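Asker: Next up is a structure, given as C-alpha coordinates.
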Amino acid sequence: MSVESESTPWLTIVGIGEDGRAGLSPAAAAALDGASRVYGGRRHLALAAPLGAETRVWPSPIADAYPDLLARRGTPTCILATGDPFHYGIGAEIARLVPAGEMRVFPHASAFSLACARLGWPLAETACLTLHGRSLPRLIPHLQPGGRLLVLSWDGSTPGRVAELLRARGLGASRLTVLEAMGGPRERRRSATADDFGRGDVDPGDIDPLNTLGIAVADAPEAEIVPLSPGLEDAWFENDGQLTKADIRAVTLAALRPRGGQVLWDVGAGAGSISIEWMLRHPSLRAVAVEANPGRAARIARNAERLGVPDLRVVEGPAPQALAGLPSPDAVFIGGGITRPGLLDAALTALRPGGRLVANVVTLEGEAVLLGAFAQRGGSLKRLGVAHADPVGPLHGWRAAMPVTQWAWVKR
(Lines give C-alpha, C1' and ligand atoms only; values in the text may rest on other atoms or scores of the structure.)
Protein backbone atom coordinates (compact mmCIF):
# COMPACT_ATOMS: atom_id res chain seq x y z
CA MET A 1 0.00 0.00 0.00
CA SER A 2 1.47 3.33 -1.06
CA VAL A 3 1.41 6.28 1.33
CA GLU A 4 1.07 9.77 -0.15
CA SER A 5 3.82 12.03 1.14
CA GLU A 6 2.58 15.01 3.10
CA SER A 7 3.58 18.45 1.86
CA THR A 8 3.56 21.61 3.92
CA PRO A 9 0.19 23.35 3.37
CA TRP A 10 0.63 26.72 1.71
CA LEU A 11 -2.87 27.24 0.33
CA THR A 12 -5.94 27.77 2.50
CA ILE A 13 -9.49 27.74 1.17
CA VAL A 14 -11.90 29.52 3.49
CA GLY A 15 -15.64 29.27 3.03
CA ILE A 16 -17.42 32.46 4.00
CA GLY A 17 -21.09 33.28 4.43
CA GLU A 18 -23.22 36.40 4.37
CA ASP A 19 -22.32 36.94 8.02
CA GLY A 20 -18.74 37.67 6.94
CA ARG A 21 -15.91 37.48 9.45
CA ALA A 22 -18.36 36.95 12.31
CA GLY A 23 -19.16 33.48 10.96
CA LEU A 24 -15.54 32.32 10.62
CA SER A 25 -14.00 29.96 13.13
CA PRO A 26 -10.88 31.24 14.95
CA ALA A 27 -8.73 28.86 12.87
CA ALA A 28 -10.24 30.05 9.58
CA ALA A 29 -9.83 33.70 10.58
CA ALA A 30 -6.21 33.08 11.59
CA ALA A 31 -5.45 31.37 8.27
CA LEU A 32 -7.03 34.26 6.39
CA ASP A 33 -5.02 36.84 8.35
CA GLY A 34 -1.82 34.83 7.96
CA ALA A 35 -1.94 34.83 4.14
CA SER A 36 0.13 37.29 2.15
CA ARG A 37 -2.31 37.23 -0.75
CA VAL A 38 -6.06 36.53 -0.83
CA TYR A 39 -8.03 35.57 -3.95
CA GLY A 40 -11.80 35.83 -4.22
CA GLY A 41 -14.77 37.49 -5.82
CA ARG A 42 -15.50 41.12 -5.00
CA ARG A 43 -18.33 40.03 -2.69
CA HIS A 44 -16.09 37.56 -0.84
CA LEU A 45 -13.34 40.14 -0.31
CA ALA A 46 -15.86 42.69 0.95
CA LEU A 47 -17.35 40.18 3.40
CA ALA A 48 -13.88 39.35 4.77
CA ALA A 49 -12.79 42.97 5.21
CA PRO A 50 -10.66 44.35 6.71
CA LEU A 51 -7.81 42.44 5.04
CA GLY A 52 -4.16 43.27 5.58
CA ALA A 53 -3.02 41.01 2.73
CA GLU A 54 -2.69 41.83 -0.95
CA THR A 55 -5.97 40.93 -2.70
CA ARG A 56 -6.75 39.58 -6.14
CA VAL A 57 -10.26 39.65 -7.65
CA TRP A 58 -10.93 36.60 -9.79
CA PRO A 59 -10.76 37.41 -13.51
CA SER A 60 -13.18 36.06 -16.10
CA PRO A 61 -12.56 33.30 -16.94
CA ILE A 62 -11.36 32.40 -13.48
CA ALA A 63 -8.83 29.89 -14.89
CA ASP A 64 -6.73 32.83 -16.11
CA ALA A 65 -5.63 33.35 -12.50
CA TYR A 66 -4.43 29.78 -11.95
CA PRO A 67 -0.87 30.21 -13.29
CA ASP A 68 -0.39 33.17 -10.94
CA LEU A 69 -1.87 31.19 -8.06
CA LEU A 70 0.32 28.13 -8.67
CA ALA A 71 3.43 30.29 -8.94
CA ARG A 72 2.95 31.09 -5.26
CA ARG A 73 3.51 27.47 -4.17
CA GLY A 74 5.19 27.59 -0.76
CA THR A 75 3.95 31.12 0.07
CA PRO A 76 0.95 31.50 2.43
CA THR A 77 -2.04 32.11 0.17
CA CYS A 78 -5.79 32.10 0.77
CA ILE A 79 -8.83 31.61 -1.45
CA LEU A 80 -12.22 32.84 -0.29
CA ALA A 81 -15.23 30.85 -1.45
CA THR A 82 -18.97 30.83 -0.86
CA GLY A 83 -20.13 28.45 1.87
CA ASP A 84 -18.79 24.92 1.40
CA PRO A 85 -16.05 25.12 -1.30
CA PHE A 86 -16.51 21.45 -2.20
CA HIS A 87 -20.28 21.54 -2.76
CA TYR A 88 -20.66 23.05 -6.25
CA GLY A 89 -17.82 25.39 -5.29
CA ILE A 90 -14.30 26.18 -6.43
CA GLY A 91 -12.74 23.57 -4.14
CA ALA A 92 -13.01 20.66 -6.55
CA GLU A 93 -11.42 22.65 -9.36
CA ILE A 94 -8.52 23.79 -7.19
CA ALA A 95 -8.02 20.21 -5.93
CA ARG A 96 -7.28 19.16 -9.51
CA LEU A 97 -4.38 21.62 -9.50
CA VAL A 98 -3.07 21.46 -5.94
CA PRO A 99 -2.51 18.19 -3.99
CA ALA A 100 -4.69 17.81 -0.91
CA GLY A 101 -1.60 17.68 1.29
CA GLU A 102 -0.70 21.25 0.26
CA MET A 103 -4.09 22.67 1.26
CA ARG A 104 -6.10 23.43 4.37
CA VAL A 105 -9.84 23.90 3.94
CA PHE A 106 -12.27 25.59 6.34
CA PRO A 107 -15.80 25.09 4.98
CA HIS A 108 -18.71 27.28 6.03
CA ALA A 109 -22.29 25.99 6.11
CA SER A 110 -23.42 25.39 2.54
CA ALA A 111 -26.48 27.05 1.04
CA PHE A 112 -28.09 23.60 1.02
CA SER A 113 -27.51 23.11 4.76
CA LEU A 114 -28.84 26.58 5.52
CA ALA A 115 -31.89 26.06 3.29
CA CYS A 116 -32.76 22.72 4.88
CA ALA A 117 -32.45 24.32 8.32
CA ARG A 118 -34.87 27.07 7.24
CA LEU A 119 -37.37 24.71 5.59
CA GLY A 120 -37.14 21.78 8.01
CA TRP A 121 -36.19 19.41 5.18
CA PRO A 122 -33.84 16.43 5.76
CA LEU A 123 -30.76 17.13 3.65
CA ALA A 124 -30.17 13.43 2.94
CA GLU A 125 -33.63 13.18 1.33
CA THR A 126 -33.39 16.37 -0.74
CA ALA A 127 -31.97 16.65 -4.26
CA CYS A 128 -29.29 19.36 -4.30
CA LEU A 129 -28.66 20.90 -7.72
CA THR A 130 -27.20 24.00 -9.27
CA LEU A 131 -28.29 26.12 -12.21
CA HIS A 132 -25.25 28.36 -11.88
CA GLY A 133 -23.90 28.33 -15.42
CA ARG A 134 -26.06 25.32 -16.28
CA SER A 135 -29.13 24.77 -18.42
CA LEU A 136 -32.60 24.96 -16.85
CA PRO A 137 -33.86 21.64 -18.37
CA ARG A 138 -31.38 19.79 -16.13
CA LEU A 139 -34.13 20.01 -13.49
CA ILE A 140 -36.61 17.97 -15.52
CA PRO A 141 -35.56 14.40 -14.54
CA HIS A 142 -35.68 15.45 -10.87
CA LEU A 143 -39.27 16.71 -11.05
CA GLN A 144 -40.85 13.65 -9.48
CA PRO A 145 -44.14 13.74 -7.51
CA GLY A 146 -43.54 14.54 -3.86
CA GLY A 147 -39.88 15.33 -4.50
CA ARG A 148 -37.95 18.09 -2.77
CA LEU A 149 -35.27 20.01 -4.62
CA LEU A 150 -32.84 22.72 -3.57
CA VAL A 151 -31.42 24.68 -6.47
CA LEU A 152 -28.60 27.22 -6.52
CA SER A 153 -29.87 29.99 -8.80
CA TRP A 154 -27.87 31.62 -11.58
CA ASP A 155 -29.34 35.04 -10.71
CA GLY A 156 -32.56 36.72 -9.63
CA SER A 157 -34.37 35.60 -12.78
CA THR A 158 -33.95 31.87 -12.08
CA PRO A 159 -36.96 31.38 -9.73
CA GLY A 160 -39.35 32.91 -12.27
CA ARG A 161 -37.95 30.75 -15.06
CA VAL A 162 -38.33 27.64 -12.90
CA ALA A 163 -41.94 28.59 -12.12
CA GLU A 164 -42.60 28.91 -15.84
CA LEU A 165 -41.08 25.48 -16.48
CA LEU A 166 -43.23 23.90 -13.78
CA ARG A 167 -46.39 25.45 -15.16
CA ALA A 168 -45.55 24.27 -18.68
CA ARG A 169 -45.20 20.68 -17.43
CA GLY A 170 -48.47 20.68 -15.47
CA LEU A 171 -46.79 21.10 -12.10
CA GLY A 172 -48.17 24.53 -11.26
CA ALA A 173 -49.30 23.42 -7.80
CA SER A 174 -45.66 22.86 -6.78
CA ARG A 175 -44.49 25.23 -4.06
CA LEU A 176 -41.43 27.42 -4.59
CA THR A 177 -39.56 29.03 -1.71
CA VAL A 178 -37.01 31.70 -2.55
CA LEU A 179 -34.29 31.96 0.12
CA GLU A 180 -32.24 35.11 -0.39
CA ALA A 181 -28.84 36.04 1.11
CA MET A 182 -29.12 33.40 3.84
CA GLY A 183 -27.15 33.93 7.02
CA GLY A 184 -26.71 37.67 6.71
CA PRO A 185 -28.57 40.88 7.47
CA ARG A 186 -30.30 40.87 4.05
CA GLU A 187 -31.80 37.40 4.50
CA ARG A 188 -35.36 37.04 3.22
CA ARG A 189 -37.67 34.10 2.54
CA ARG A 190 -40.78 34.15 0.33
CA SER A 191 -42.99 31.35 -0.94
CA ALA A 192 -45.68 30.75 -3.57
CA THR A 193 -46.95 28.02 -5.86
CA ALA A 194 -45.66 28.03 -9.42
CA ASP A 195 -49.16 29.02 -10.59
CA ASP A 196 -49.17 32.02 -8.25
CA PHE A 197 -45.52 32.98 -8.66
CA GLY A 198 -45.25 36.64 -9.60
CA ARG A 199 -48.42 37.55 -7.76
CA GLY A 200 -48.78 38.47 -4.12
CA ASP A 201 -45.65 38.16 -1.97
CA VAL A 202 -43.14 37.22 -4.67
CA ASP A 203 -42.14 39.86 -7.20
CA PRO A 204 -39.84 38.21 -9.80
CA GLY A 205 -38.20 41.58 -10.43
CA ASP A 206 -37.23 41.97 -6.77
CA ILE A 207 -35.26 38.80 -6.08
CA ASP A 208 -31.69 39.01 -4.82
CA PRO A 209 -29.20 37.47 -7.30
CA LEU A 210 -27.79 35.44 -4.38
CA ASN A 211 -30.68 33.08 -3.84
CA THR A 212 -31.38 29.40 -3.34
CA LEU A 213 -34.67 27.95 -4.53
CA GLY A 214 -36.61 25.27 -2.68
CA ILE A 215 -39.05 23.25 -4.80
CA ALA A 216 -41.68 20.96 -3.28
CA VAL A 217 -42.98 19.09 -6.32
CA ALA A 218 -46.73 18.57 -6.35
CA ASP A 219 -48.22 15.13 -6.95
CA ALA A 220 -50.01 15.77 -10.25
CA PRO A 221 -51.16 12.60 -12.09
CA GLU A 222 -51.60 14.40 -15.42
CA ALA A 223 -48.26 16.23 -15.25
CA GLU A 224 -45.42 15.65 -17.70
CA ILE A 225 -43.20 13.56 -15.41
CA VAL A 226 -40.27 11.67 -16.95
CA PRO A 227 -40.64 8.04 -15.78
CA LEU A 228 -37.72 6.46 -13.96
CA SER A 229 -37.76 3.22 -15.95
CA PRO A 230 -36.15 2.65 -19.37
CA GLY A 231 -38.37 2.20 -22.40
CA LEU A 232 -40.27 5.50 -22.38
CA GLU A 233 -43.43 5.59 -24.43
CA ASP A 234 -42.72 6.45 -28.07
CA ALA A 235 -44.88 9.58 -27.78
CA TRP A 236 -42.20 11.19 -25.59
CA PHE A 237 -39.98 11.50 -28.66
CA GLU A 238 -40.64 13.78 -31.59
CA ASN A 239 -39.83 11.54 -34.57
CA ASP A 240 -40.39 10.83 -38.25
CA GLY A 241 -40.62 7.07 -37.78
CA GLN A 242 -36.87 6.57 -37.33
CA LEU A 243 -37.17 5.58 -33.70
CA THR A 244 -36.12 2.55 -31.66
CA LYS A 245 -39.52 1.57 -30.28
CA ALA A 246 -40.14 1.43 -26.53
CA ASP A 247 -40.05 -2.35 -26.02
CA ILE A 248 -36.91 -2.84 -28.12
CA ARG A 249 -35.36 0.25 -26.56
CA ALA A 250 -35.71 -1.17 -23.05
CA VAL A 251 -34.00 -4.40 -24.12
CA THR A 252 -31.29 -2.42 -25.91
CA LEU A 253 -30.53 -0.29 -22.83
CA ALA A 254 -30.22 -3.48 -20.81
CA ALA A 255 -27.81 -4.88 -23.40
CA LEU A 256 -25.68 -1.70 -23.29
CA ARG A 257 -25.37 -2.06 -19.48
CA PRO A 258 -24.54 1.57 -18.61
CA ARG A 259 -22.19 2.23 -15.71
CA GLY A 260 -21.45 5.52 -14.00
CA GLY A 261 -19.23 7.95 -15.90
CA GLN A 262 -19.35 6.10 -19.22
CA VAL A 263 -19.59 7.58 -22.72
CA LEU A 264 -21.96 6.22 -25.39
CA TRP A 265 -21.85 6.67 -29.14
CA ASP A 266 -25.39 6.49 -30.58
CA VAL A 267 -24.71 6.03 -34.30
CA GLY A 268 -27.56 6.58 -36.74
CA ALA A 269 -29.39 8.12 -33.80
CA GLY A 270 -32.71 8.88 -35.53
CA ALA A 271 -34.75 10.56 -32.78
CA GLY A 272 -31.97 10.16 -30.21
CA SER A 273 -34.04 7.88 -27.98
CA ILE A 274 -31.18 5.52 -27.04
CA SER A 275 -28.67 8.25 -26.14
CA ILE A 276 -31.32 10.24 -24.27
CA GLU A 277 -32.43 7.26 -22.20
CA TRP A 278 -28.78 6.34 -21.60
CA MET A 279 -28.18 9.77 -20.05
CA LEU A 280 -31.38 9.55 -17.99
CA ARG A 281 -30.08 6.47 -16.22
CA HIS A 282 -27.49 8.45 -14.22
CA PRO A 283 -26.31 12.09 -14.17
CA SER A 284 -22.67 11.06 -14.72
CA LEU A 285 -23.39 9.37 -18.06
CA ARG A 286 -22.50 11.15 -21.31
CA ALA A 287 -23.49 10.44 -24.89
CA VAL A 288 -22.83 11.55 -28.45
CA ALA A 289 -25.69 11.18 -30.95
CA VAL A 290 -24.40 10.90 -34.52
CA GLU A 291 -26.99 11.56 -37.24
CA ALA A 292 -26.46 12.36 -40.93
CA ASN A 293 -29.90 13.88 -41.55
CA PRO A 294 -29.96 17.59 -40.54
CA GLY A 295 -33.67 17.56 -39.70
CA ARG A 296 -33.28 14.55 -37.44
CA ALA A 297 -30.18 16.03 -35.78
CA ALA A 298 -32.19 19.14 -34.87
CA ARG A 299 -35.01 16.93 -33.63
CA ILE A 300 -32.61 15.02 -31.35
CA ALA A 301 -31.57 18.28 -29.71
CA ARG A 302 -35.21 19.22 -29.09
CA ASN A 303 -35.97 15.80 -27.62
CA ALA A 304 -32.94 16.02 -25.32
CA GLU A 305 -34.03 19.45 -24.09
CA ARG A 306 -37.60 18.33 -23.41
CA LEU A 307 -36.52 15.21 -21.52
CA GLY A 308 -33.96 16.97 -19.35
CA VAL A 309 -30.59 15.95 -20.84
CA PRO A 310 -29.56 19.17 -22.65
CA ASP A 311 -25.89 18.20 -22.46
CA LEU A 312 -26.37 15.44 -25.04
CA ARG A 313 -23.87 16.17 -27.79
CA VAL A 314 -25.36 15.97 -31.29
CA VAL A 315 -22.95 15.48 -34.20
CA GLU A 316 -24.43 16.01 -37.65
CA GLY A 317 -22.77 13.99 -40.39
CA PRO A 318 -22.47 10.52 -41.91
CA ALA A 319 -20.63 7.76 -40.08
CA PRO A 320 -17.90 6.60 -40.10
CA GLN A 321 -16.50 10.01 -41.12
CA ALA A 322 -18.38 11.83 -38.35
CA LEU A 323 -16.83 9.57 -35.70
CA ALA A 324 -13.37 11.09 -36.10
CA GLY A 325 -12.23 13.08 -33.09
CA LEU A 326 -15.06 12.02 -30.78
CA PRO A 327 -14.24 11.02 -27.17
CA SER A 328 -13.44 7.31 -26.91
CA PRO A 329 -16.63 5.37 -26.17
CA ASP A 330 -17.29 2.88 -23.40
CA ALA A 331 -20.35 1.72 -25.32
CA VAL A 332 -21.56 2.00 -28.91
CA PHE A 333 -25.07 1.56 -30.23
CA ILE A 334 -25.58 1.32 -33.98
CA GLY A 335 -29.21 1.85 -34.86
CA GLY A 336 -28.75 2.82 -38.49
CA GLY A 337 -26.19 2.68 -41.27
CA ILE A 338 -24.65 -0.67 -40.35
CA THR A 339 -24.19 -1.51 -44.04
CA ARG A 340 -22.05 1.58 -44.68
CA PRO A 341 -18.49 0.48 -45.55
CA GLY A 342 -16.12 0.86 -42.63
CA LEU A 343 -18.72 1.88 -40.03
CA LEU A 344 -18.71 -1.28 -37.92
CA ASP A 345 -14.91 -1.60 -38.05
CA ALA A 346 -14.47 2.03 -37.02
CA ALA A 347 -16.80 1.60 -34.06
CA LEU A 348 -15.13 -1.62 -32.93
CA THR A 349 -11.68 -0.04 -33.17
CA ALA A 350 -12.69 3.07 -31.20
CA LEU A 351 -14.36 1.11 -28.41
CA ARG A 352 -12.38 1.04 -25.17
CA PRO A 353 -11.26 -2.35 -23.77
CA GLY A 354 -14.15 -3.85 -21.82
CA GLY A 355 -16.63 -1.73 -23.75
CA ARG A 356 -19.84 -3.02 -25.30
CA LEU A 357 -21.20 -2.67 -28.82
CA VAL A 358 -24.86 -3.29 -29.54
CA ALA A 359 -26.32 -3.12 -33.05
CA ASN A 360 -29.99 -3.46 -34.08
CA VAL A 361 -31.15 -4.14 -37.65
CA VAL A 362 -34.43 -4.91 -39.37
CA THR A 363 -33.21 -5.44 -42.97
CA LEU A 364 -31.79 -8.60 -44.51
CA GLU A 365 -28.71 -6.68 -45.63
CA GLY A 366 -28.09 -5.41 -42.12
CA GLU A 367 -28.66 -8.88 -40.72
CA ALA A 368 -26.02 -10.27 -43.08
CA VAL A 369 -23.47 -7.82 -41.63
CA LEU A 370 -24.33 -8.89 -38.09
CA LEU A 371 -24.20 -12.59 -38.98
CA GLY A 372 -20.71 -12.06 -40.37
CA ALA A 373 -19.60 -10.17 -37.27
CA PHE A 374 -21.05 -12.87 -35.01
CA ALA A 375 -19.28 -15.61 -36.97
CA GLN A 376 -15.96 -13.75 -36.83
CA ARG A 377 -16.01 -12.27 -33.33
CA GLY A 378 -18.60 -14.14 -31.27
CA GLY A 379 -20.76 -12.22 -28.83
CA SER A 380 -24.50 -12.80 -28.62
CA LEU A 381 -27.10 -12.72 -31.39
CA LYS A 382 -30.83 -12.35 -30.73
CA ARG A 383 -34.02 -12.07 -32.72
CA LEU A 384 -36.45 -9.74 -30.93
CA GLY A 385 -40.12 -9.81 -31.82
CA VAL A 386 -43.02 -7.81 -30.38
CA ALA A 387 -46.71 -8.07 -31.17
CA HIS A 388 -49.47 -5.72 -30.05
CA ALA A 389 -53.21 -6.30 -29.85
CA ASP A 390 -54.98 -4.42 -32.66
CA PRO A 391 -58.65 -4.27 -33.68
CA VAL A 392 -59.82 -6.89 -36.16
CA GLY A 393 -63.33 -5.72 -36.91
CA PRO A 394 -65.21 -5.77 -33.60
CA LEU A 395 -62.58 -8.12 -32.09
CA HIS A 396 -58.82 -8.00 -31.57
CA GLY A 397 -55.80 -9.89 -32.86
CA TRP A 398 -52.03 -9.78 -32.62
CA ARG A 399 -50.18 -7.52 -35.05
CA ALA A 400 -46.46 -8.25 -35.13
CA ALA A 401 -43.89 -5.52 -35.60
CA MET A 402 -40.89 -6.13 -37.84
CA PRO A 403 -38.47 -8.45 -36.03
CA VAL A 404 -35.21 -6.89 -34.85
CA THR A 405 -31.90 -8.72 -34.98
CA GLN A 406 -29.55 -7.61 -32.22
CA TRP A 407 -25.85 -8.32 -31.94
CA ALA A 408 -24.04 -7.55 -28.66
CA TRP A 409 -20.30 -7.84 -28.23
CA VAL A 410 -17.74 -7.01 -25.53
CA LYS A 411 -14.23 -5.88 -26.45
CA ARG A 412 -11.62 -7.99 -24.64
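The values are calculated or read from the model by the stated rules, or taken from the named source; none is laboratory data. Quick caveat: nothing in here was measured; it's all calculated off a predicted structure. We place every Cβ from the backbone using ideal geometry, glycine too, and count neighbours over all the protein chains shown. Heavy atoms of the whole protein, side chains included, go into the accessibility calculation; ligands, DNA and RNA do not. Shrake-Rupley method; radii C 1.70, N 1.55, O 1.52, S 1.80 Å.
Asker: If I ask for residues that are in contact with a helix residue (DSSP H, G or I) (Cβ under 8 Å, 6 or more places away or on another chain) and assigned to a loop (DSSP other than H, G, I, E, B), which ones from the stretch 296-321 would you list?
Answerer: Scanning the stretch 296-321 gives 307, 308, 309, 310, 311, 312, 319, 320.
Asker: Quickly run through the stretch 251-295 and pick out the residues that are open to solvent by less than 60 Å² (accessible area, probe 1.4 Å), in a strand (DSSP E or B) and among the charged types (D, E, K, R).
Answerer: Scanning the stretch 251-295 gives 266, 291.
Asker: Mind listing just one residue for me: the one in the stretch 222-241 that is closer than 23 Å to residue 164 by Cβ and among the charged types (D, E, K, R) and, of those, most open to solvent (accessible area, probe 1.4 Å)?
Answerer: Per the criteria, the residue is 222.
Asker: Being over 12 Å from residue 361 (Cβ atoms) and either over 27 Å from the mean Cα position of the chain (by Cα) or at pLDDT below 95 (or both) is the filter here, so list the residues in the stretch 326-342 that pass it.
Answerer: Those that are over 12 Å from residue 361 (Cβ atoms) and either over 27 Å from the mean Cα position of the chain (by Cα) or at pLDDT below 95 (or both): 340, 341, 342.
Asker: Considering every residue within the stretch 314-328, establish whether at least one is open to solvent by 30 Å² or more (accessible area, probe 1.4 Å), within 30 Å of residue 143 (Cα to Cα) and touching a Ser or Thr at 6+ places or on another chain (Cβ under 6 Å).
Answerer: no
Asker: Same structure again: Taking the options 101, 146, name whichever one is under 30 Å from residue 206 (Cα atoms), in contact (Cβ under 8 Å) with a residue 12 or more places away in the chain and either surrounded by fewer than 17 Cβ atoms within 10 Å (Cβ to Cβ) or out of contact with any helix residue (DSSP H, G or I) (no Cβ under 8 Å at 6 or more places or on another chain) (or both).
Answerer: 146
Asker: Let me ask another. Quick test of your reading of the structure: residue 125 fulfils all but one of (1) in contact (Cβ under 8 Å) with a residue 60 or more places away in the chain; (2) under 29 Å from residue 311 (Cα atoms); (3) surrounded by fewer than 16 Cβ atoms within 10 Å (Cβ to Cβ); (4) of a type in the set (D, E, K, R). Name the failing condition by number.
Answerer: (1)
Asker: Shifting gears a bit: Residue pairs, Cβ under 7 Å, 6 or more apart or interchain, first in the stretch 53-79 and small (Gly, Ala, Ser), second at pLDDT 95 or above and open to solvent by 50 Å² or more (accessible area, probe 1.4 Å). List them.
Answerer: Qualifying pairs under 7 Å: 53/36; 65/56; 65/59.
Asker: Quick one: count up the residues across the stretch 18-38 that are more than 19 Å from residue 111 (Cα to Cα), charged (D, E, K, R) and open to solvent by 30 Å² or more (accessible area, probe 1.4 Å).
Answerer: Residues meeting the conditions: 1.
Asker: Tell me which residues, restricted to the stretch 145-156, are part of a loop (DSSP other than H, G, I, E, B) and either of a type outside the set (Ser, Thr, Tyr) or farther than 13 Å from residue 133 by Cα (or both).
Answerer: Once the filter is applied, which keeps residues that are part of a loop (DSSP other than H, G, I, E, B) and either of a type outside the set (Ser, Thr, Tyr) or farther than 13 Å from residue 133 by Cα (or both), the stretch 145-156 yields 145, 146, 147, 154, 155, 156.
Asker: Would a scan of the stretch 81-91 turn up a residue that is on the phi > 0 side of the Ramachandran plot and touching a strand residue (DSSP E or B) at 6+ places or on another chain (Cβ under 8 Å)?
Answerer: Scanning the stretch 81-91, I find at least one residue that is on the phi > 0 side of the Ramachandran plot and touching a strand residue (DSSP E or B) at 6+ places or on another chain (Cβ under 8 Å), so the answer is yes.
Asker: Now, a different point. Where in the stretch 1-117 are there strands (runs of 3 or more DSSP E), lying wholly inside it, with at least 2 residues that are within 34 Å of the chain's Cα centre (by Cα) and within 30 Å of residue 127 (Cβ to Cβ)?
Answerer: Here the list reads 11-16, 77-82, 103-106.
Asker: Which one is modelled with the lowest pLDDT among residues in the stretch 398-412 that are under 27 Å from residue 354 (Cβ atoms) and either hydroxyl-bearing (Ser, Thr, Tyr) or not in a strand (DSSP E or B) (or both)?
Answerer: Checked the stretch 398-412; the qualifying residue modelled with the lowest pLDDT is 412.
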